[in-house]
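Some notes on the structure that comes next.
Throughout, read-outs are computed from the coordinates displayed, never taken from laboratory work. If you're wondering where the values come from, they're calculated on a predicted model, not measured in any experiment. With ideal geometry, Cβ positions are generated from the backbone for all residues, glycine too; neighbour counts draw on all protein chains shown.
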Amino acid sequence: MSIKVTSITKIYKTQKALNNVSFTADKGQIIGFLGPNGAGKSTMMKILTGFIKPNKGEVFVNEIDVLKNPLEAQKRIGYLPEHNPLYEDLYVREYLQFKAAIFKVDKNQIENCIDKVGLKTEAHKKIHQLSKGYQQRVGLAAAILHNPSVLILDEPTTGLDPNQLVAIRDLIKELGKEKTVLFSTHIMQEVEAVCDSVIIIKKGEILVDKKLTALKNNKQQVIKVVFNILVDDTLIQKIPNLLSAENLENNTWKLSFKTDKDMRSQIFDFAQENKFKILELAAESKNLEGLFRELTSK
Ligand code: ADP
Ligand code: MG
């Protein structure tokens, strides 16, 4: 287990930021930590990285107790804090050398990390001269300098333009091939694009903790299909896994299924077997964003 969080509660004076939060992350997973502003994401990450203490609960990273042994744990953790604080007057290499000295990391690692995050063409510049996307890469390079096996990234894509966003997501995926990554975001599509699993948090409590595939399959499939002829209800009922069928008009049916299978190809087979044609076939998207909104509204 790369990350194990048990019954964490954090109260800032009177504000309860986390309420009895528990979750785990397996080695090599990329986990999206998804929640609206103020949900408690940054608080959880600061506790995971040993920067603040909870009121209650336990946190382990690679079996090391973060609360009892924060320095040992931090050797295994790369952390990109929210807003990525950098010394902007420094040159990229200068900044990374400074970080390497703090981490007591071999300076040879610097070029390796610059390479890994795709920073080579910009590495001779001062940090303030870089675009937000490249500044993010500097933060990521600094986070992986000591070759940690767990990466904690607090909203690494917030404030990026669409192209930078895609590039940084790709980079997170790449880093996720050899590390366990927990990254926070308030964008559902991001989770779909990058993660293996998702933890949805709201008002300091975990609402969903699931593999993405399981979450997608959770939802029933609704498919609208237009045949070239009128198809009789008794025949429609022969389509496997059918939950309900509604004849919207003439040749148009709205079909609901509850199954892991993609029913579009089955409907296609059904039409072919019965010798009629499909003019239109539209699956209502398995929309995680809708689910997220549903779960976090009110
Ligand atoms: P998120 O990162 O999901 O936006 P945070 O962890 O930053 O959420 O905050 C969770 C809650 O705790 C919010 O209500 C926030 O206002 C509160 N909070 C965060 N940091 C502090 C602090 N240092 N003192 C008091 N309240 C805080
Ligand atoms: Mg935050």
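Could you tell me the center-to-center distance, by alpha carbons, between the range 1-57 and the range 161-217 in angstrom? Value for the Cα centre distance between the two parts: 16 Å.
Taking a straight line from the alpha carbon of residue 238, these lysines sit under 29 Å away, with near neighbours fewer than eight places off in the same chain left out: 216, 219, 224, 254, 258, 261, 275, 277, 286.
For residue 29, the amide hydrogen comes within under 5 Å of the amide hydrogens of 181, counting only partners 5 or more places away or on other chains and with H modelled in the peptide plane.
Quick note on the range 148-211: its Rg to Rh ratio, both from C-alpha atoms and Rh being the Kirkwood radius, is 0.96. For residue 279, the residues whose amide H sits under 5 Å from its own are 226, 227, 228, ignoring neighbours fewer than 5 places away on the same chain, with H placed 1.01 Å from N.
Quick one: work out the % antiparallel among DSSP beta bridges in the chain, nearest 5. Intermediate values should be presented prior to the final figure.
Numbers: 38 of 55 bridges.
Bridges in the chain are about 70 percent antiparallel.
Annotation note: GluC sites (Glu not before Pro) in the range 165-220 located in DSSP loop regions with a Cβ neighbour count of at most 15 within 10 Å are 178. Legend: residue pairs 13/75; 56/104; 16/202; 75/202; 13/210; 104/173, Cα-Cα distance threshold 22 Å; pairs beyond threshold, 13/75; 56/104; 75/202; 13/210; 104/173.
Remark on the range 95-254: ratio of C-alpha radius of gyration to 2.2 N^0.38 Å is 1.57.
In whole percents, the pair-distance distribution calculated for the range 68-138 from its alpha-carbon pairs, binned every 5 Å from zero, is 3, 15, 25, 27, 17, 7, 4, 1, 0.
Compute the FRET efficiency between residue 207 and residue 275 as 1/(1 + (r/R0)^6), taking r as their Cβ-Cβ distance and R0 = 51 Å, and round to the nearest 0.05.
Numbers: r = 47 Å, r/R0 = 0.93.
With a Förster radius of 51 Å, E is 0.60.
Of the GluC sites (Glu not before Pro) found in the range 1-110, those that fall in a DSSP loop while having at most 13 other beta-carbon atoms within 10 Å are 63, 88. Its Kirkwood hydrodynamic radius, worked out from the mean inverse distance over all distinct Cα pairs, puts the range 57-180 at 14.8 Å.
Counted by neighbouring Cβ atoms within 10 Å, the residues 61, 117 run from fewest to most as 117, 61. Over all orientations, the chain has a Cα convex hull whose mean projected area works out to 19.1 square nanometres.
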